[in-house]
Every structure is written in C-alpha cells, then in structure tokens.
1. What ranking do B:63, A:2 get, fewest neighbouring Cβ atoms within 10 angstrom at the top?
2. Specify the residue with the greatest mean-square fluctuation among A:14, A:91, A:38, computed from a Gaussian network of chain A linking alpha-carbon atoms under 10 Å apart.
3. Relative contact order of region B:17-116: what whole-number percent is it, with Cα pairs under 8 angstrom and at least 6 residues apart?
4. Write down the radius of gyration of the protein assembly as shown and its Dmax, each obtained from C-alpha positions, in Å.
5. May I ask you to sort A:71, A:18 by Cβ crowding, counting other Cβ atoms within 10 Å and putting the fewest first?
6. Over 19 Å apart: what share of the alpha carbon pairs of chain B falls there, rounded to a whole percent?
7. Mind telling me which of A:57, A:42, A:79 comes out most flexible in a GNM of chain A, alpha-carbon contacts under 10 Å?
8. How high is the relative contact order of chain A, given as a whole-number percent (alpha carbon pairs under 8 Å, six or more residues apart)?
C-alpha cells in the first residue's frame, strides 16, 4: 500500500528564516509526487509535480526536490503569507488516485 | 471558467438523514475525483470518474456512499443514513487527463458536513 509521511507536523519560523519540509514515501512505482498548499477552510492548491529522482522545481520562494525515497520543500526567506498547511501526495503508476500525507502546518511570524 | 464549484459549502444534519453534495468540475476536464478530509489529516481518496464512468472506488467507501456523474458533467455524492463518523470536509477535484498537467488535480473549496 502506498504511504506518505510528512515531517515536521508543525513548524514556526520567523519571517526571513529559511527551512525545509520533508515528505517520505513508499509507492509501487512512482508516476508523480505532488505538493499542494492548503489554507484554512479551503481546498488544496497545486504547487508542483515531480516525476523522477533528481528533479527540482521552483516557484517564488519555494523549491521542491525529489529522491527515490523522499521529497523536500525548501522555503527561502518566507513571508507571513506563506503560512499554510503544505501537503505531499504520491500517485502510483497503476492507478489515478493520490495518496496524501497528513501535511506540515507552517506558520511564519512577522 | 471559475474553477471547481461545490455545493453546499456547509451542511449540518442529524444522524440517520441522507445528504447529497454536488460538484461542478472545470468544463474541459473529463476526470473527476471525490476525497474526504478530517481535521488534521490529508485528503483521503473516495472515488474517481472518467467522463460518466466510475473507474475506481476506495475500499473505505461503504454501501451508504454513492456517487454519480450523469452525462460526464457535474457529479453528486450521496451519503445515506449518516453517522457521526461521516463528519468531514468532502472535496471534489478535476483534471484534464491529457496533455501537460494531465494528472494535476484542481480542487474545489469543499463541502463541510457536520452530523449531530
């Protein structure tokens, strides 16, 4: 069964303090690894898809990387508007569903 | 296109009642998904449609849950004889299924169900 584990569960950072979120996964053949952002009371918002080990993608202050067992979401010089829950999900080759982790709740303090 | 729309946004019901949620996907998307999310957890897959065909269904989806997508457009998720454990956010998502970003899910804002 596909599994996704995210750490830490919660992270508080000062504005401008860079850090990384971790997503460890097991999947029977990876089709893609996805990062989503979710604000309270809203649906998840797509950030990145990574398909193969070594791949990296960037968007503003966020950068996602992928290895064969884990993915990192690096956040550089975060701002308060980056506060949200960040969800990681995997999609296996043989089906369409995404298996999500429980997320990392990120709080950026001004 | 305004994205994925879900209705109602909030529903409070008594145990044992039936409830129905509606999802209108992005018009050019032929794939539609239902997920359930409880507090502090990630979304959990329920079921998936390609056009009007229901192609995948979670083992967790009990017989009280049924989903339809008539004519491959909007979808409904019905929960019969609701239980307190059904209280959750029900999320709908759609994807194009082809081209760049084929498997990228666009989520709606969700329908929050509270069963008293």
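What follows is calculated from the coordinates using simple rules that are stated; it is not laboratory data. For clarity, every value in this text was computed on a predicted model and none was experimentally measured. All Cβ positions, even for glycine, are placed from backbone atoms using ideal geometry, and neighbour counts span all protein chains on display.
1. Ranked by crowding around the Cβ, least crowded first: B:63, A:2.
2. A:14
3. Once normalised by length, the contact order is 32 percent.
4. 17.6, 51
5. Sorted ascending by nearby Cβ count, the order is A:18, A:71.
6. I get 41 percent for the Cα pairs in chain B exceeding 19 Å.
7. Highest fluctuation of the listed residues: A:42.
8. 38
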